[in-house]
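Visitor: One structure follows; several queries about it will come next.
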Amino acid sequence: MKLGKGYSLAAIAKLLDSPFKGNENLEVSGINEIHRVELGDIVFVDHPKYYDKALNSAASVVLINKEVEVPEGKGIIICDDPFRNFNFILNYFNPFELSDEQQSKNSEIGEACKIHPSVVIGKNVKIGKNCIIFPNVSILNDVTIGDNVIIQSGTVIGSFGFYYKNRGDHFDRLNSCGSVMIENFVEIGANCTIDRGVTAVTTIGAGTKIDNLVQVGHDTIIGKKCLIAAQAGIAGCVNIEDEVTIWGQVGIASGITIGEKTVLYAQSGVGKSLKGNKSYLGSPVDESRAKFKEMAMMRQLPELFSKFKSA
């Protein structure tokens with residue numbers, strides 16, 4: 001999430017009423033969680049396991065709950081609860097507003113669109129030309145839709161991301177202040193859910209086709225000309241490269257990359273990054289040729305067991 005203008009490290013620390021280390025004039029221009037962080041961003045870290053990753057990331061400022069040596073060119077802000085302070089900054093610069101109109105007055109809709117009267121269109125929504133949007137679609141705040149896009153009934157675009165911190169007796173939600181980008185010639189089936197980015201942009205690449213009942217998590221980037229069949233579930237911060245095919249009921253874990261032209265067979269469970277130009281199967285997933293050989297060997301087990309007993 002970009003701030004619109006630059007702020008100094010000292011100004012952000014003052015806003016949080018927290019001590020800082022580093023150049024007080026270091027410029028802060030955005031806020032991002034670790035998977036999407038860029039130069040100029042603030043990121044938070046509150047677990048020793050991820051200290052090095054955050055401190056060595058592209059982020060310019062790190063909210064951290066420990067005094068550490070400041071990497072060259074960066075700043076740190078020392079907080080008792082970096083998650084809470086990160087949430088405070090998100091809400092301060094981009095407070096959530098629920099639209100109270102069927103179609104927000106500041107939305108923009110291109111020519112020759114066919115949009116059913118029951119469609120909800122939130123604030124800061126831009127819809128391109130020649131789009132078809134079926135009944136009972138909800139397009140929430142900060143969504144951008146390209147030209148020649150089709151969205152079928154019941155789909156929700158721009159819902160909150162599923163990102164929580166366990167507080168022991170309850171869960172705290174990380175505020176979702178990012179957005180969604182649907183590029184040209186995308187088609188989205190019925191009853192799909194596409195979460196807005198927590199801090200960045202959930203993106204569906206040009207020409208991608210999505211079947212019914214598909215979930216796309218926050219800050220995920222789906223490439224161009226992908227095919228995603230029904231009941232697939234894609235977690236947050238996943239990178240799916242161009243021309244990937246995902247068949248029904250595939251589950252993909254967060255923070256991984258699926259290489260271009262990958263094929264994922266139905267009901268596969270993907271918990272690690274996969275190289276492109278290959279087919280995969282199973283849960284946990286493996287290359288399909290290896291899985292098919294394994295299945296063939298399994299079918300031979302009863303016969304082998306019978307021979308073993310009679311020997």
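Visitor: In region 256-311, how many are within 22 Å of residue 229 (Cα to Cα) and small (Gly, Ala, Ser)?
Guide: If we filter region 256-311 for residues that are within 22 Å of residue 229 (Cα to Cα), which is where we start, we get 256-289, 291-292.
Those left that are additionally small (Gly, Ala, Ser): 259, 266, 268-269, 271, 273, 276, 279, 282-283, 288.
So the count comes out to 11.
Visitor: Just to be sure before I move on: is residue 106 in contact (Cβ under 8 Å) with a residue 60 or more places away in the chain and either over 18 Å from residue 163 (Cβ atoms) or within 21 Å of the chain's Cα centre (by Cα) (or both) in the structure I sent? Let's see the steps before the verdict.
Guide: On the way: in contact (Cβ under 8 Å) with a residue 60 or more places away in the chain: no; either over 18 Å from residue 163 (Cβ atoms) or within 21 Å of the chain's Cα centre (by Cα) (or both): yes.
The answer is no for residue 106.
Visitor: Name the single residue, out of those in region 141-180 being without any contact (Cβ under 8 Å) to a residue 12 or more places away in the chain and in a loop (DSSP other than H, G, I, E, B), that is surrounded by the most Cβ atoms within 10 Å (Cβ to Cβ).
Guide: Out of the qualifying residues, it is 167.
Visitor: Just wondering, is there one or more residues in region 48-60 that are part of a loop (DSSP other than H, G, I, E, B) and closer than 30 Å to residue 153 by Cα?
Guide: For region 48-60, residues part of a loop (DSSP other than H, G, I, E, B) and closer than 30 Å to residue 153 by Cα: absent.
Visitor: Of the residues in region 270-311, how many are without any contact (Cβ under 8 Å) to a residue 12 or more places away in the chain and either touching a His at 6+ places or on another chain (Cβ under 9 Å) or in a loop (DSSP other than H, G, I, E, B) (or both)?
Guide: The qualifying residues number 1.
Visitor: Can residue 29 be described as in a strand (DSSP E or B), within 22 Å of residue 201 (Cα to Cα) and touching a residue at least 24 places away in the same chain (Cβ under 8 Å)?
Guide: Numbers: in a strand (DSSP E or B): yes; within 22 Å of residue 201 (Cα to Cα): yes; touching a residue at least 24 places away in the same chain (Cβ under 8 Å): yes.
In short, yes.
Visitor: Given the conditions (1) of a type outside the set (D, E, K, R); (2) in contact with a Phe, Trp or Tyr (Cβ under 8 Å, 6 or more places away or on another chain); (3) over 18 Å from residue 205 (Cβ atoms), report the number of the one that residue 274 does not fulfil.
Guide: So residue 274 meets the others, but not (3).
Visitor: Which one of these does residue 267 not meet: (1) surrounded by 12 or more Cβ atoms within 10 Å (Cβ to Cβ); (2) in a helix (DSSP H, G or I)?
Guide: (2)
Every read-out reported here was derived from the displayed coordinates using simple, explicitly stated rules and does not represent laboratory data. None of these values were measured; they are calculated from a predicted model. With ideal geometry, Cβ positions are generated from the backbone for all residues, glycine too; neighbour counts draw on all protein chains shown.
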